[in-house]
Structures are given as structure tokens and as C-alpha cells.
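To start, the structure under review is shown below, and the notes come after it.
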Amino acid sequence: MRIHRGGPAVAGLALCLGVLAACGGSSGDGSAKGDGAAPPTVGGTTPQSAAGEDPAEPEAVDGSSLRGKVIVLDPGHNGGNASHPSEINKQVQIGNGSKACDTSGTSTNAGYDEHAFTWDVSNRLARLLRAKGAKVTLTRKNDTSVGPCITERAAIGNRLGADAALSIHADGASASGHGFHIIEPIAVKGHNAKAVPASLKLGKALRDAYHSGTGVPYSNYLGENALDRRSDLGGLNLSTVPKVFIECGNMRNAGDAAKLSSAPFRQRIADSLAKGFASYFS
């Protein structure tokens, strides 16, 4: 989530923000919505995944615990963010201060964008969860629009009374950094405090399943045992339902980038996260 793309305007924006909202390393929220549209959802069909790849058939998931659960998946960023800096740079209140509405995200050195990665993984994961009876909503309906803002991404889960929510990202840290980490919330009075204990449980379940299922090591540059707790992310601060972020790897690290750019590996990511949700609800 650290690095912002999209030309000089967005590069300047990234420098202004300091801590990137959901781009990476200093994971910010990374959302952007400037049109006041109703919260998007994705219905029973899964859109075609990034780069024109059709998601693979879902693998078997021991997921009887998923039936009837309401799950919100938040694919970080959006494909139109980079070309709309004024919209994604507007400040929104996150419960203990303000932050940019969203960011454009990071990318691999070869040009595979984080927003495309998160969109692809989220749709693969949604397909698996729905196959086990979960009711899944995505916070954006395509990978070509702007936003929504980090505040709206949290609000979608709150309005649905979601049983769990996950914001999916990939990092943009120094090239020497590798591995994945989960970002968990810190209680912000009057906002997410009641949901924090369940969020911590969700974070550990997803961490264990992701590590076991993908073989990606714990981050060597951030967090402890792949767990990092933060109070500067609006998507976590404003969530009244159990919610965490995952940074699936570092797009600026050659080894991580090769994995994240692979469609079969992205299916492994989705399989692993589906098992993590099943474990959480068991």
C-alpha cells in the first residue's frame, strides 16, 4: 500500500500524505469515493478477474461454519483513483483525526497494480465463500471507478451488520522487505472499541490460515509474528464489526511480486483466506 502511482499529480499526492492510506508499508486505508453513490455490492456472479483471467474453480473448503454468515470484502484502492487525485485526496474524518479519502495503491516493478491484485483476489475469495453459503458483499463493484472513501468502506460493513470484514491489500515497502502481515485495530473510543476483541480473533485465524496455505513467511519488516496493530486507519477505526487488513506480500520485493502476479498463486491466497474465515466462525 505504500507507493502511489498515476503520474506526477498522484506522486505528489503520495508525498503529501506521508503515511499511505492502504497502499502499503505504512498501510493507509486507500479508498476513494467522491460521487455520493449508493454503496456498491456484488451479486451472485463473480466478475472476470484481473488481466482477463477467469477465476479458477473453488477448491473444497471445510466451511459449514460459513453458511449464512455476512462477510464484507474490501478490495483496496480502485482503478480510477490515480486519475482523480482531487477526489481521493479530500480529507475525511476517521474517528481520531482526518485522512485522505483514498490512495491509488502500489504496484510491482513490472507494472502489476495493487488495485488489480486486490480486485482479483477479492472476487476469487467471494466465489469460494458463496459456494459455502456465506452472503458476501464487496465494497466496490468494479476496478475502473473511483473509491469509495475509507469511511464508506467501513460504513458498508456496519450497515450490513457483517459478521466479519476483511480489507485486502499488498504492500509497497523497501525491496528488501518480504512476507505478509495482518493489521489489527486499536480501540478508538466511541467507534470500534466493542469490535476489537473479535477483530483480534479474526486476525489470528486469517494469519494462521494464510501462512499455512500459501507458505508466505511472516513480514520481516513490520509487525510481530505477522500481526501489526494501528489506530490510523479509518477502515478499522470506524468499523463496528470485526475487521482486519491483510498485506498479502510486498509488491516491491522481487520474490513476493512474482507470487502476487501469478494467477494460480492468487487462487491459493483465496483458498487460504476462505479457510481462515471458516476457522474463525468454527
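To keep it simple, each residue is scored yes or no on (1) over 18 Å from Asn123 (Cα atoms); (2) crowded, with 20+ Cβ neighbours inside 10 Å.
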{"site": "Ser212", "(1), (2)": "yes, no"}
{"site": "Gly215", "(1), (2)": "yes, no"}
{"site": "Leu222", "(1), (2)": "yes, yes"}
{"site": "Gly255", "(1), (2)": "yes, no"}
{"site": "Ser272", "(1), (2)": "no, yes"}
{"site": "Gly276", "(1), (2)": "no, yes"}
{"site": "Tyr280", "(1), (2)": "yes, yes"}
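Based on this model, can you work out whether Glu184 counts as surrounded by 17 or more Cβ atoms within 10 Å (Cβ to Cβ), under 22 Å from Asn123 (Cβ atoms) and out of contact with any Pro (no Cβ under 6 Å at 6 or more places or on another chain)? For Glu184, the condition - surrounded by 17 or more Cβ atoms within 10 Å (Cβ to Cβ), under 22 Å from Asn123 (Cβ atoms) and out of contact with any Pro (no Cβ under 6 Å at 6 or more places or on another chain) - is not met.
Taking the stated definitions as given, is Lys141 in contact with a Gly (Cβ under 8 Å, 6 or more places away or on another chain), at pLDDT 95 or above and over 17 Å from Val244 (Cα atoms)? Answer is no for this residue. Against the conditions (1) buried (at least 19 other Cβ atoms within 10 Å of the Cβ); (2) closer than 30 Å to Gly111 by Cβ; (3) not basic (Lys, Arg), Val241 satisfies every one except (2).
From the set of residues in the range 212-270 that are of a type in the set (Ser, Thr, Tyr) and in contact (Cβ under 8 Å) with a residue 40 or more places away in the chain, which is farthest from Cys101 (Cα to Cα)? Don't jump to the end; show me each part of the working.
As a first pass, look at the range 212-270 and keep what is of a type in the set (Ser, Thr, Tyr): 212, 214, 218-219, 221, 231, 239-240, 261-262.
Adding the requirement that they be in contact (Cβ under 8 Å) with a residue 40 or more places away in the chain leaves 212, 214, 219, 221, 231, 239-240, 261.
Values: Ser212: 34, Thr214: 32, Ser219: 27, Tyr221: 26, Ser231: 16, Ser239: 16, Thr240: 19, Ser261: 27 Å.
Result: Ser212.
What are the residues in the range 143-159 that are touching a Lys or Arg at 6+ places or on another chain (Cβ under 9 Å) and assigned to a loop (DSSP other than H, G, I, E, B), if any? Of everything in the range 143-159, those that are touching a Lys or Arg at 6+ places or on another chain (Cβ under 9 Å) and assigned to a loop (DSSP other than H, G, I, E, B) turn out to be Ser145, Val146, Gly147, Pro148, Cys149. For the residues Ala100, Ala82, Ala110, the requirement of being of a type outside the set (D, E, K, R) and over 20 Å from the mean Cα position of the chain (by Cα) singles out Ala110.
A quick yes/no check of all residues on (1) among the charged types (D, E, K, R); (2) closer than 14 Å to Phe180 by Cα:
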position	(1), (2)
Pro197	no, no
Leu200	no, no
Gly203	no, yes
Asp208	yes, yes
Ser231	no, no
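The values are calculated or read from the model by the stated rules, or taken from the named source; none is laboratory data. What you see is a predicted model, and the numbers here were worked out from it, not measured in a lab. Here the Cβ is made from the backbone with ideal geometry for all residues, glycine too, and neighbour counts use every protein chain on show.
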